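Asker: Please find one structure pasted underneath; my questions will follow.
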Amino acid sequence: MGSAPARISIIAILILCISLLHYLTPLHLHYLHDIFQRFYYIPIILSALWFGFRGGLASAIAVSIIYTPHILFQWGDHVSMEIEKYLEIVLYNIVGGITGLLAQREKERSIELQKTAKGLEESYQKLQLQSERILVVEEQLRRAERLSTLGEMGAVLAHEIRNPLGSIRGTAEILKDDFPPGSAKHEFIEIQIKETERLNNVVEDFLRMARQQPLELKECSIAEELRTIFRLAENQAKTAGVRIVPAFTADGLPIKGDGEKLRQAFLNIMINAIQATPPDGSVTIALERSDSGVAITFSDSGIGIATEELEKIFEPFYTTKSDGTGLGLAITRKIIEGHGGRIDICSEKGKGTQVCIRLPGAK
């Protein structure tokens, strides 16, 4: 619609053009003057619509001032025509005022509606945010409930499984001495010891997941912890034919944390990445500063994870490995969240996986 000065210019030009038509048209062509005087309603109504009550009235008054000399000096000898044109001037002002008043009220109502709509939009966004927070809290409560159940079961498992396992392993080791290597029974006992150890590790992981283990927070260097993980996983990576690529853009980066538990979390992710990466592939460890602290990213060139599996990957006992317990990532998330951080996984089937951990810096 243009700016206010442009609109004023349009109205002024219209009034000037119509007035020139009046002043320059001979009086005996009175039917043309009747048409021209109706033309004045165009700038008056436009002014009322654009500028409200004051605009419509101001335009009507301007028309009246410009049109009055034409009536006095050119129509002075025609009294009936003169009265008719004065009544037209009165109508100009009435139409300008009423139209301007209605337009102004409509504009004010429109502004009110816009404010109401904006308020409703803000309220909707707040409700949506609260709804998302409620969903997060519900998920945390469900997880806490599951962990509580795991804790109760863990106490029973510790007593009912670990002690018999220790007895079974001890007996197997005694029997093992009675059969030389190469004997069929020696091989069976080796399998028994190995499977007993694996079952014991499952129980240990389960108890680690269920227990509320206190964190020993102290200042530690994330870069040093990652270098330790690099050394611990290096042999396994070489055996699998996978390269580990450290890509630290920052060094040191101290945080308040439990170094032992962070190493456990990082090692779980690193082992998963190595196992998911085919020979000649690579696992990259990146470390950089983030807005709130540090960001650690593990990226592999492995087989990736399907979208439907990503939603379940942190659930206890969910695993896609034939020999997995499904507790490694659940324990990892518990450790990271215990440090006030968060863990996110991005993956696409056949294109690798990226695990990003964000931890708050030392204050």
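The values are calculated or read from the model by the stated rules, or taken from the named source; none is laboratory data. The structure displayed is predicted, hence computed values, not measured ones. For neighbour counting, all protein chains shown are included, and Cβ atoms are generated from backbone atoms with ideal geometry for every residue, glycine included.
Asker: Write out, first by first residue and then by second, each pair whose Cβ atoms fall under 8 Å of each other, whose residues are 6+ apart or on separate chains, and whose first residue, in the stretch 105-119, is in the same structural domain as Gly55 (by TED's automatic domain parsing) and among the basic types (Lys, Arg) while the second is in a helix (DSSP H, G or I) and surrounded by 10 or more Cβ atoms within 10 Å (Cβ to Cβ).
Answerer: Lys107/Gly52
Asker: I would also like to ask the following. So, in the stretch 278-315, of the ones that are without any contact (Cβ under 8 Å) to a residue 60 or more places away in the chain and of a type in the set (S, T, N, Q), which residue ends up nearest to Lys349 (Cα to Cα)?
Answerer: Thr307
Asker: Considering only the stretch 293-309, I want to know if a residue exists there that is more than 26 Å from the chain's Cα centre (by Cα), among the aliphatic types (A, V, I, L, M), surrounded by 13 or more Cβ atoms within 10 Å (Cβ to Cβ) and not in a strand (DSSP E or B).
Answerer: Step one: filter the stretch 293-309 for residues more than 26 Å from the chain's Cα centre (by Cα), giving 301-303.
After this cut, where a residue has to be among the aliphatic types (A, V, I, L, M) as well, the list is 303.
With surrounded by 13 or more Cβ atoms within 10 Å (Cβ to Cβ) added as a condition, the list becomes 303.
Filter once more, keeping what is not in a strand (DSSP E or B): 303.
Yes, because at least one residue in the stretch 293-309 is more than 26 Å from the chain's Cα centre (by Cα), among the aliphatic types (A, V, I, L, M), surrounded by 13 or more Cβ atoms within 10 Å (Cβ to Cβ) and not in a strand (DSSP E or B).
Asker: Now for a separate question. Among the candidates Glu145, Glu152, single out the residue that is of a type outside the set (A, V, I, L, M), farther than 18 Å from Leu199 by Cβ and at pLDDT 70 or above.
Answerer: Numbers: Glu152 fails: at pLDDT 70 or above.
Of the residues listed, the single one that is of a type outside the set (A, V, I, L, M), farther than 18 Å from Leu199 by Cβ and at pLDDT 70 or above is Glu145.
Asker: If a residue must be part of a strand (DSSP E or B) and touching a Ser or Thr at 6+ places or on another chain (Cβ under 7 Å), how many such residues does the stretch 213-244 contain?
Answerer: Start the filter on the stretch 213-244 by keeping residues that are part of a strand (DSSP E or B), which leaves 218-221, 243-244.
Remaining after also requiring touching a Ser or Thr at 6+ places or on another chain (Cβ under 7 Å): 243.
The total comes to 1.
Asker: Let me ask you something else. Starting from the stretch 184-198, take each residue that is in the same structural domain as Ile174 (by TED's automatic domain parsing) and list its partners that are aromatic (Phe, Trp, Tyr) and not in a helix (DSSP H, G or I), counting only C-beta distances under 9 angstrom and pairs at least six apart or across chains.
Answerer: Hits for this filter: Lys185/Phe179; His186/Phe179; Glu187/Phe179; Phe188/Phe179; Ile189/Phe179.
Asker: Name the one entry in Ala247, Ala265 that is in contact with a Ser or Thr (Cβ under 6 Å, 6 or more places away or on another chain), surrounded by 13 or more Cβ atoms within 10 Å (Cβ to Cβ), within 19 Å of Cys356 (Cβ to Cβ) and in the same structural domain as His339 (by TED's automatic domain parsing). Talk me through it step by step, then tell me what you get.
Answerer: Details: Ala247 fails: surrounded by 13 or more Cβ atoms within 10 Å (Cβ to Cβ).
Exactly one residue qualifies, and that residue is Ala265.
Asker: Got a sec? Which of Glu288, Glu260 is of a type in the set (Asp, Glu), assigned by TED's automatic domain parsing to the domain that holds Cys346 and closer than 21 Å to Lys334 by Cβ? Break it down into steps so the answer makes sense when it comes.
Answerer: Details: Glu288 fails: closer than 21 Å to Lys334 by Cβ.
Within the list Glu288, Glu260, the selection yields Glu260.
Asker: Something else now. Across the stretch 15-59, what is the total count of residues that are over 22 Å from Tyr86 (Cβ atoms) and either touching a residue at least 24 places away in the same chain (Cβ under 8 Å) or part of a loop (DSSP other than H, G, I, E, B) (or both)? Let's see the steps before the verdict.
Answerer: Residues of the stretch 15-59 over 22 Å from Tyr86 (Cβ atoms): 17, 46, 49-55.
From what is left, the residues that are either touching a residue at least 24 places away in the same chain (Cβ under 8 Å) or part of a loop (DSSP other than H, G, I, E, B) (or both) are 46, 49-55.
Looking only at that region, the number is 8.
Asker: Of all residues in the stretch 11-57 being among the β-branched types (Val, Ile, Thr) and touching a helix residue (DSSP H, G or I) at 6+ places or on another chain (Cβ under 7 Å), which is surrounded by the most Cβ atoms within 10 Å (Cβ to Cβ)? Walk me through it before giving the result.
Answerer: Narrowing the stretch 11-57 to residues among the β-branched types (Val, Ile, Thr): 11, 13, 15, 18, 25, 35, 42, 44-45.
Still in the running and touching a helix residue (DSSP H, G or I) at 6+ places or on another chain (Cβ under 7 Å): 11, 15, 18, 25, 42, 44-45.
On the way: Ile11: 21, Ile15: 21, Ile18: 21, Thr25: 15, Ile42: 13, Ile44: 29, Ile45: 18.
Ranking the candidates gives Ile44 first.
Asker: Looking only at the stretch 252-277, count how many residues are in contact (Cβ under 8 Å) with a residue 60 or more places away in the chain and of a type in the set (A, V, I, L, M).
Answerer: Going through the stretch 252-277 one residue at a time, the tally reaches 7.
Asker: Give the stretch 83-101 a look and list any residue that's under 16 Å from Pro69 (Cα atoms) and either of a type outside the set (Phe, Trp, Tyr) or not assigned by TED's automatic domain parsing to the domain that holds Gly52 (or both), or say none.
Answerer: If the condition is that a residue be under 16 Å from Pro69 (Cα atoms) and either of a type outside the set (Phe, Trp, Tyr) or not assigned by TED's automatic domain parsing to the domain that holds Gly52 (or both), then Ile83, Glu84, Lys85, Leu87, Glu88, Ile89, Val90 are the ones that fit.
Asker: Whether any residue in the stretch 77-91 is at pLDDT 85 or above, under 60 Å from the mean Cα position of the chain (by Cα) and among the β-branched types (Val, Ile, Thr) is what I want to check.
Answerer: No, there is no match, as no residue in the stretch 77-91 is at pLDDT 85 or above, under 60 Å from the mean Cα position of the chain (by Cα) and among the β-branched types (Val, Ile, Thr).
Asker: Consider Ala265 against the criteria (1) out of contact with any helix residue (DSSP H, G or I) (no Cβ under 7 Å at 6 or more places or on another chain); (2) modelled with pLDDT of 85 or more: it satisfies all of them except one. Which criterion is unmet?
Answerer: (1)
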